[in-house]
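Report on the structure given below.
The values are calculated or read from the model by the stated rules, or taken from the named source; none is laboratory data. Given the structure is predicted, the values throughout are model-derived calculations rather than measurements. Glycine also receives a Cβ, built like all others from the backbone with ideal geometry; neighbour counts cover every protein chain displayed. With ligands, DNA and RNA removed, areas are computed over all heavy atoms of the protein, side chains included. Shrake-Rupley method; radii C 1.70, N 1.55, O 1.52, S 1.80 Å.
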Amino acid sequence: MAPSGSRSIKRGCQRVLYWIPVLFIALIVAWSYYAYVLQLCIESIEDIGEKVVYLLAYHVIFIMFVWAYWQTIFTKPVNPLKEFHLSYSDKELLEREDRGESQQEILRRIAKDLPIYTRTNSGAIRFCDRCQLLKPDRCHHCSVCDKCILKMDHHCPWVNNCVGFSNYKFFMLFLAYSLLYCLFITATDLQYFIKFWMNGLPDTQAKFHILFLFFSAAMFSVSLASLFIYHCWLVCKNRSTLEAVRAPVFRHGTDKNGFSLGLNKNFRQVFGDEVKYWPIPVFSSLGDGCSFPACLVNLDPEQPSSPTNSNPVNKVAAEGRQFPSKPLRESQSRLLTSTPSWSESDSATDKDRKGASNPVMIIENEA
């Protein structure tokens, strides 16, 4: 009982510590609200029209910023669907086998009917020992949350949550609105910051709030701008932070652009098809988080595309099109707004002529 009790106390203390960065941000935001609304707008700005405009614009940005931050924090990360978890019989079978190729054969058999195209660096099926499941594409195990997260980007201490498929849009909006919030404060506080150095402000406590408000907003603007630009680049490339650090491995090999569908579709995969929902922190991302359309898909040697023809590649090439070894899910098809054209790449043809066993399929999507 003692070890179990000590572990529970340790986990409880860790949960409390994890909330410290969030509490710090909340205190900074609360102080900035007090300093801007009360000390700057109400106490220091004399022009009524300027005061009203500043307060209205500030509160619109403030509400959107807090809303996006709240959604990022309290939206629970999504875990893989039940079909990716091992059944009781499969678990027993896996435990009886020695670790090695025999276990990989079992995992390959289970993965045969699942939309899984990525592999480990060694070419093995991606399997999570702790969660006892086959990892869907772009899914990773978070050591802090101690569970597998769909399309995991990173674990962010500033929101005390994993950023992944369920809240990545909220995280992007949080960065956008927090940057806009800081830039707005910096721009509107600038003239009064200058007056501070020219002794043009009344000698009250408001002048010190105005001074530190400008410095704080300007400092956060720089850091937020760099982070926001980086994640905008990731969205345009359809990569997560983990995939930018370590490119995903497909059956044909490593490919950093394997999930990129072009700028327009990459953006819509995160923000959705309906423009009216793009700036609002409500979930509108496309897909189910378990399967994603990929630019490069290898044919599964265990699933021939044409069982009636001994040379399926030649037959499909004669028809002028090719199809993936596993059908795209409905969530994937929504991303492919136009009818996709499937053709064999020149590089794959060259590899096939050199004796490659599996041809490579490329989805030709419009940018």
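If you scan region 176-218, which residues turn out to be basic (Lys, Arg) and surrounded by fewer than 19 Cβ atoms within 10 Å (Cβ to Cβ)? First the steps, then the outcome.
Step one: list which residues in region 176-218 are basic (Lys, Arg), which gives 195, 207.
Result: Lys195, single match.
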Going by the conditions given, is Ala247 more than 12 Å from the chain's Cα centre (by Cα) and not in a helix (DSSP H, G or I)? yes
Look through region 61-105, keep the residues that are among the hydroxyl-bearing types (Ser, Thr, Tyr) and open to solvent by 60 Å² or more (accessible area, probe 1.4 Å), and return whichever of them is nearest to Asp153 (Cα to Cα). Tyr88
Looking at region 176-197, is at least one residue in a helix (DSSP H, G or I), under 30 Å from Leu17 (Cβ atoms) and touching a His at 6+ places or on another chain (Cβ under 9 Å)? no
The number of residues in region 266-310 that are at pLDDT below 60 and of a type in the set (Asp, Glu) is 2
Give me the residue from region 115-136 that is surrounded by fewer than 18 Cβ atoms within 10 Å (Cβ to Cβ) and in contact (Cβ under 8 Å) with a residue 24 or more places away in the chain and, out of that set, nearest to Asn79 (Cα to Cα). Gln132
The residue that is surrounded by the fewest Cβ atoms within 10 Å (Cβ to Cβ), considering only those in region 219-249 that are under 21 Å from Cys156 (Cα atoms) and of a type in the set (Val, Ile, Thr), is Val245
If we ask which residues in region 1-33 are in contact (Cβ under 8 Å) with a residue 40 or more places away in the chain and open to solvent by 80 Å² or more (accessible area, probe 1.4 Å), their number turns out to be 2
Only one of (1) on the phi > 0 side of the Ramachandran plot; (2) touching a Ser or Thr at 6+ places or on another chain (Cβ under 8 Å); (3) not hydroxyl-bearing (Ser, Thr, Tyr) does not apply to Asn199, and that is (2)
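With the requirement that a residue be among the hydroxyl-bearing types (Ser, Thr, Tyr) and within 27 Å of the chain's Cα centre (by Cα), what does region 204-224 give you? Write out each step before concluding.
To start, the set of residues in region 204-224 that are among the hydroxyl-bearing types (Ser, Thr, Tyr) comprises 204, 216, 221, 223.
Selection gives Ser221, Ser223.
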Test of understanding: among Phe208, Phe171, which residue is touching a helix residue (DSSP H, G or I) at 6+ places or on another chain (Cβ under 9 Å), in a helix (DSSP H, G or I) and modelled with pLDDT of 95 or more? Phe171
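Please verify whether Ser44 is among the hydroxyl-bearing types (Ser, Thr, Tyr) and within 26 Å of the chain's Cα centre (by Cα), treating the condition exactly as stated. Step through it out loud before you land on a result.
Details: among the hydroxyl-bearing types (Ser, Thr, Tyr): yes; within 26 Å of the chain's Cα centre (by Cα): no.
So Ser44 does not fit the description; no.
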Within region 43-60, can one find any residue that is open to solvent by less than 30 Å² (accessible area, probe 1.4 Å), part of a helix (DSSP H, G or I), modelled with pLDDT of 95 or more and among the aliphatic types (A, V, I, L, M)? no
